[in-house]
Structure formats: structure tokens, C-alpha cells
Amino acid sequence: MTCEPGDLPPKAKQASRAYIRDMAIAAVVYVGVVFGAVTLIRHMPFSLPQWAVVIVALTPLIPALMMMRTYMTYLRSMDELGRRIQTEAWLISAGAVGLGTFTYSFLEEWAHFPRIDLVWIFPALIFFWGLGTFIVRGRYK
Amino acid sequence: MRNRLKVLRAERNWSQADLADRLEVSRQSVNAIETGKYDPSLPLAFKIARVFALPIEQIFSDEVEAAS
Amino acid sequence: MKKQFQTIDWSKAKRSFRRTAIYLGIYLILTFASASMLVTLHPSRALAITLALVPAFAAIGIVRAYLLSVRELDEFQRRLHYEAILIAAAVTAFASVAYGFLELWAGFPRLPAFFAMLVMVGAFSLAIVVLNWRHRL
């Protein structure tokens, strides 16, 4: 997720720097695309036809895929332990989000909790992955 | 990683199932290791060495060794 | 006569199947019970929240049954399960981004969070079947 100071070989340092840079770019693009799409759909004097709205609504997939590609490149640059930590972090994240959405959906239906938009699943997965990385990495220290 | 599992197995006249049984893993896993689709963990590699009564280097070799 | 490992170890499979079935039964009973309590009692908010948490609590049993079955697999098969879970997480992430914005902006029907879980379980099941088929004997 982040680079440890000092103790990395130059190749790993380079990979981690490229990762942070590309991830930041993808994140900026993501935010830009979302705001651009909202503007195009909601705040224009004209209204787009339905098929165009669908296409515009699907554009945030592009930066999301950019993030995935950047992450995969970084993953390949890691050593075995790094990859294993990442795998375990994603398992924790998938488990947390799976159980979390399950639990919340009953609260939605039965206790009238506010509906959560599906767009929050992606950030939730990333959040729990970050948390998972932190926990798992601590275990291998 | 390359390995000589198939040859060693043939020398002993063991089927994949025989080897799987001795290693206490599934036949699916023996097959994946033999075909090079899966590199066993260090503990399993040692177990394989023990079952064949050979040092690990005589069963597995990395690409560098295989090239020379 | 030596015991032979088959492609699937049926005694283990049967045991884990039975265990999963038991936990699934407990889950269904608890969920049904708390659902009927909700309908008949018209409970206060606090009790409604408690009743809504019962299925989640019961689902932990199913997760536990799954984890126990995975622990009984060997390292290669376990890795296939990990891969399937990672694939499921990726599919869920992208499906929720795609559909999430469609429901926000393009007037697609709003789905409850439950669908994220369904997609994850569905993608996992498909992935584990495909991965096992790819490493078939």
C-alpha cells in the first residue's frame, strides 16, 4: 500500500513509486469522471437520451479498471511474502464486505435503515483491504 | 520450477493416487505439481523429498539450474 | 489394502456437507423465527434492530462451516479457493461500480445491499467450479 522507508531494494522502490503515482492519477480521473458525468446528466440545459445516459453512467468503470491494472502491475513487482499479505488482505476485505452487506440488508429491510447505494461497495472493499493489509502486515513483523 | 516427480513416480511404479496418499494431499494437487502449474510450499516439498528419500535438489530445480 | 485419495475425498466432503447443511438449517430457522416475530409483534425499533441482526449472527455459522471445510483441503486446493474469493471480490467491485452508477443516474431499479453479497457468492461459486475444471484430472 505504501512504501517502507529505506529498507527497499531500488527496483522495489521504483515500482512502489510508480504505483503511488499511477494510483493517484487513476483516483483523480475517477473523481473527475464522476463529477463530469453528474454534470453531463443532471446539470445541462439539454437532457441526454437514455442510451447516452447509460454510456455516461458506465464511464467510471474506466478509472476503476485503471486502478486494477496499476494494482496488478504492483502486485507482480512484489516478492512472495508481499503477495501473500495482499491475498490475505483481500480475503479479509471480501469477508468483511460480504458479511457486512448481508447484515446491513436485513437492517435495511426490517429495521428501516437508510438504503446504501451500491457505488459504496467499491470504496468499502478498498477500505477493508487497506485495513486488512495493515493487520496482516503487523502479523508478519 | 521444474520437477522430476513424474519420473521418480514411474521408477517406483506409483500412480498419482499412490503418491497423493503418501503425501496426504489430493490427486488433483499431485497432478498440478507434476505439470508445473503449482509450486509446493516448503513443508510439502520436504515431505515429497522424504517420501522419495532424496534431497530436494534432486527433485526440484529452478529455471537457472535447468538452463545451465 | 491402502486407503486411496480420490479426486474428491468423499468422507471429508460428506462431513463438511453435513456441517454446512446443519448451519444452513439453523440459519433458516432463526431467520424465519425472527421474521415472523417481526411481522406478528410490530416491535419497537430497538427490538427490530436486534431481530434484524439474528440472521447475520446465524450466517456466521455458515461462514464457519465454510472455513472449516477449507482448512481440511490441501494447500493447492486451498489456493484455488483463495483465487476464487479474489475473483469474486473483483467481480463484485466492478459490478457494483457499473450498476451503482446506473441506478444513481440512469433510473435503473435500486437494489438493496443484499445483491452485492449475492453477486459475490455467485461469482465465487462460478470461479471455484471453473478453477477446479481447469485443474481437472
For this session: Report the GluC sites (Glu not before Pro) located in segment C:17-84 that are in a DSSP loop and have at most 11 other Cβ atoms inside 10 Å of their Cβ, or state none.
Result: none
Problem set entry | Peptides ranked, highest mean first, by Cβ atoms within 10 Å: ranges A:122-132, A:18-28, A:85-95 | A:85-95, A:122-132, A:18-28
Seminar exercise, completed: With label points set 7 Å from each Cα along the Cα-to-Cβ direction at B:T35 and C:W10, the distance between them in nm comes to 2.4
Problem set entry | Shape call, segment A:79-141: gyration tensor on alpha carbons, a/c limit 1.5 | prolate
Exercise. For chain A, what class follows from the C-alpha gyration tensor (a ≥ b ≥ c being the square roots of its eigenvalues): rounded when a/c is under 1.5, otherwise prolate if a/b is larger than b/c, else oblate?
Worked result: oblate
Problem set entry | 222 nm mean residue ellipticity, helices alone, for chain C (DSSP H n ≥ 4; -39,500 (n - 2.57); rounded to 500) | -29500 deg cm²/dmol
Exercise. Using a ≥ b ≥ c from the Cα gyration tensor of segment B:6-68 (square roots of the eigenvalues), is it rounded, prolate or oblate, where a/c under 1.5 gives rounded and otherwise the larger of a/b and b/c decides, a/b for prolate?
Worked result: prolate
Problem set entry | Point-to-point label distance, B:R50-B:E24, nm (Cα→Cβ direction, 7 Å offset) | 0.8
Exercise. Residues of B:4-11, mean number of Cβ from any other protein chain within 10 Å of their own Cβ, rounded to a whole number?
Worked result: 0
Exercise. What size of dipole, in debye to the nearest 20, comes out for chain A about its Cα centre when the only charges are +1 on Lys and Arg C-beta atoms and -1 on Asp and Glu C-beta atoms?
Worked result: 440
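No value in this document is a laboratory result; all are computed from the given coordinates. Bear in mind the structure is a predicted one, so any value in this text is a computation, not a measurement. Because the Cβ atoms are built from the backbone with ideal geometry, glycine has one as well, and the counts that use them run over all protein chains shown.
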